[in-house]
Amino acid sequence: MYELVMWLETHVRVKSKTKMFCSCKNAVELAGEPNENTCPVCMWFPGMLPVLNEEIVNLAVRAGLAMKCTVNKISNFDRKSYFYPDLPAGYQITQLYHPIVEHGEVKTFVNGELKTFHIHRMHIENDAGKLVHAGSKTLCDYNRAWSPLMEIVTEPDFRSKEDVIAYLEELQKIMRFCWASDADMEKWQLRCDVNISLRKPGETEFRNRVEIKNLNSFASISRAIDTEYKRQAKIYDAGGKIDQETRWWNDEKWVSSPLRSKEDAMDYRYFPEPDLPPLVLTDEYIEARKIDELPIDRRLKYLNEYKLQEDDARILSNEKNISDYFEQIVKLTSDPKKSCSYITTVLLAHFKESDDNVSFDSLKFDIEQLASVINLVNKNELSSTNAKVVIEELFMNWWKTNEIIERLWLKQTNDMWALEEIVKKVIENNSTQVEQYKAWNEKLFWFFVWQAMKESKWAWNPKIFNDLFKKYL
Ligand SMILES: [Zn+2]
């Protein structure tokens, strides 16, 4: 038995409107024609100079703060030189020595246990273009060239594939919460290299690690970790040793193959980028980009403070638009439990059943209308059955809650005299059941409530009948 020790290097595509150093659209997935989004700057024509896009700094600082990192007030760009046809400049602009943010953490649940994974650093850098192999020819598409990336490097805190997946899922949520990226793995907005080493339990030193590249889904990450564990364990069991190397994962064959060893690691001749000044940020700039609550903070609040079920807390904190909607409803109703139930059982169910792609962003009614439904239910002025009718109408019409209640005669009458009359009538008409109830059958209580509801044509709240029967029986 060996202990797995892993750390991750994750590239996240920044969701900025334009590229990192020019004004071309940063629309990697949308770009239609090859080389449509290019200009003399990102094609690196002679004499062109890069100008840093402020929006990328803004989003990277937000993402860094969301990962509880320290934002460096001064960071620098460095030139990483290498030749490849997808890189017209012959170098990448990155941040080797002084990254924009460092030393943070990401908290998340792994199999029900709250864990913390530490962030070593995050820097910003540009992406390269894309090579398309067509028969014996290779074509270059530079739509992606100079589009911005954040590279997030963790500490060696990961001990299982479950740790890795849970961290990456939380990272996706964080990126979406701070608008920095959609972090969709299928669209290559998030990709991850896993560094894997093994050691005997109790060992304190780390052994040589192997970096696995080309992992583009949670499933392939999981398979690659299993496979690499077995490969290294077999070598150690046979008395061999592991060389530090980079391996390429083949997800069709479920095997990895060596890409390069430590010996043939490239010399990138890093040096400070002469075309860009140091990036200097003020305290005010950093302060203004702080995020009040992270997805995990909200999840913990829903569990501990609002006492919601674990599943509900997870659903309501997963996506920013759902979570923001819930937060607003709670502000308007002061009733987290009922707000949760109306969102998860009524709204989300409606979205699921509906054909026309409705979501929180395309609702026809204001949030105040739903809040007022919940408040009326809480004041016993609307039965929960009728509340569902009102919400269905809200989905379909432009009417407001109070208009619907008035037009459809849904208002609950709390005229106690009329209600007492109904209760008395039910008791009078069911004398046999009353005797049975009093003698031995307490379950009949609900029969009386049911009869009264029927008598009142379901317009009144069962809670009121409940109380009245307690009094009269
Ligand atoms: Zn450009």
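Read-outs: derived from the displayed coordinates by stated rules, not from any lab. Remember, it's a predicted structure, so these values are computed and weren't measured experimentally. Here the Cβ is made from the backbone with ideal geometry for all residues, glycine too, and neighbour counts use every protein chain on show.
One table, with the values for the structure above:
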item: Taking the convex hull of Cα positions in the chain, its mean projected area over all directions (nm²); result: 32.9 nm²
item: Student exercise, the stretch 24-99 dipole from Lys, Arg, Asp, Glu Cβ charges, in Debye to nearest 20; result: 440 debye
item: For the stretch 295-407, size of Cβ-based charge dipole, Lys and Arg +1, Asp and Glu -1, in debye; result: 360 debye
item: Whole-angstrom gap from the stretch 1-31 to the stretch 176-213, using each part's C-alpha centre; result: 13 Å
item: Degrees separating the helix 367-378 axis from the principal Cα axis of the chain, which is the longest one; result: 40 degrees
item: Rounded Å value of the spacing that divides the Cα centres of the stretch 46-82 and the stretch 370-405; result: 49 Å
item: Cα long-axis angle, helix 462-472 against the chain (0 to 90 degrees, to the nearest 10); result: 40 degrees
item: C-alpha long axis of helix 218-237 to longest principal axis of the chain, angle in °; result: 50 degrees
item: Distant alpha-carbon pairs in the stretch 284-359 (separation over 14 angstrom), percent; result: 63 percent
item: Qualifying aspartates and glutamates (Cα of each under 20 Å from Cα of residue 424; at least 8 residues distant if same chain); result: 415, 435, 442, 455, 467
item: Size of electric dipole in the chain: Cβ of Lys, Arg +1 and of Asp, Glu -1, about Cα centre, debye, nearest 20; result: 680 debye
item: Kirkwood Rh in Å, taken over all unlike Cα pairs in the stretch 334-416; result: 13.2 Å
